[in-house]
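Contents: one structure, followed by commentary.
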């Protein structure tokens, strides 16, 4: 089974009560986890490859790079004899993104604002670990009004791409917490692998790149359809 295929309504939260007492912060990915932007990323990638008359990558291939640094991800999609175009393709992608308001729209999934409010009321810290650039992360947080909740971020232009543990470790450092005191929440396999590599706790959401069935081999500690399901767990 491909990682995008399978059920997206699986709920597996039995382990949560076993480690809830350890959690002092919740660290979120952005695209596909907090914001419904997967379709926009696919469309912008298609426009960019068409601009260069390059073969359009399959949707599943485009989804597989979401979460990585943009340059690294787009270059990996290029044919072998076109890899040298990576920086130009990335610049073109950014120009299409900047020019089209629909591609830039940050649409929060249902329940995100309520979840962040609850976490702050319960004295949990909130972090962001995203492959987006620092400017992109800050723009998203400001436009969605989540910036007032967030205590620390680490973005894709600061550290090696996921699933390297560096991003999660940097967030832990900026929160003045141990990695095992963090619950990471993400929608892609590279997110779950990063949480495992950092020795943090892991939550898979099925609202973005990966399906619940796709996640099974990676064994996240908990799996939920979307972040709104965390409201019950933290209430």
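The values are calculated or read from the model by the stated rules, or taken from the named source; none is laboratory data. Quantities reported herein were computed from a predicted structural model and do not represent experimental measurements. Every residue, glycine among them, receives a Cβ derived from its backbone with ideal geometry; neighbour counts consider all protein chains shown.
Assorted remarks:
- Strands (runs of 3 or more DSSP E) (entirely within the range 151-219) containing at least 1 residues that are within 14 Å of residue 125 (Cα to Cα): 152-155, 182-186
- Test: residue 157 is closer than 24 Å to residue 107 by Cβ, in contact with a helix residue (DSSP H, G or I) (Cβ under 9 Å, 6 or more places away or on another chain) and at pLDDT below 95: yes
- Restricting attention to the range 64-78, the residues that are farther than 19 Å from residue 208 by Cα and either touching a residue at least 24 places away in the same chain (Cβ under 8 Å) or buried (at least 21 other Cβ atoms within 10 Å of the Cβ) (or both) total 3.
- Condition check for residue 61: under 15 Å from residue 188 (Cα atoms) and surrounded by 16 or more Cβ atoms within 10 Å (Cβ to Cβ): no
- Scanning the range 44-94 for residues that are in contact with a helix residue (DSSP H, G or I) (Cβ under 8 Å, 6 or more places away or on another chain) and on the phi > 0 side of the Ramachandran plot returns a single hit, 67.
Residue by residue, here is whether (1) touching a residue at least 24 places away in the same chain (Cβ under 8 Å); (2) touching a strand residue (DSSP E or B) at 6+ places or on another chain (Cβ under 9 Å) holds:
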| site | (1), (2) |
| --- | --- |
| 138 | no, yes |
| 149 | yes, yes |
| 158 | yes, no |
| 168 | yes, yes |
| 182 | yes, yes |
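- In the range 103-142, the residues that are part of a loop (DSSP other than H, G, I, E, B) and surrounded by 14 or more Cβ atoms within 10 Å (Cβ to Cβ): 106, 109, 111, 124, 131, 132, 133
- Residue match in the range 51-66 (condition: over 27 Å from residue 196 (Cβ atoms) and assigned to a helix (DSSP H, G or I)): yes
- Evaluated against (1) assigned by TED's automatic domain parsing to the domain that holds residue 141; (2) outside any loop (DSSP other than H, G, I, E, B); (3) buried (at least 16 other Cβ atoms within 10 Å of the Cβ), residue 33 falls short on exactly one condition, (2).
- Residue under evaluation residue 163, criteria (1) over 18 Å from residue 15 (Cβ atoms); (2) buried (at least 17 other Cβ atoms within 10 Å of the Cβ); (3) touching a strand residue (DSSP E or B) at 6+ places or on another chain (Cβ under 9 Å); (4) modelled with pLDDT of 95 or more, criterion not met: (3)
- Any chance residue 41 is surrounded by 13 or more Cβ atoms within 10 Å (Cβ to Cβ), touching a helix residue (DSSP H, G or I) at 6+ places or on another chain (Cβ under 6 Å) and either in a helix (DSSP H, G or I) or not assigned by TED's automatic domain parsing to the domain that holds residue 181 (or both): no
- Any hit, the range 79-102, residues being crowded, with 18+ Cβ neighbours inside 10 Å, outside the structural domain of residue 21 (by TED's automatic domain parsing) and within 25 Å of residue 27 (Cα to Cα): no
- Qualifying residue in the range 1-22 (condition: assigned by TED's automatic domain parsing to the domain that holds residue 149, without any contact (Cβ under 8 Å) to a residue 40 or more places away in the chain, in a helix (DSSP H, G or I) and touching a strand residue (DSSP E or B) at 6+ places or on another chain (Cβ under 7 Å)): no
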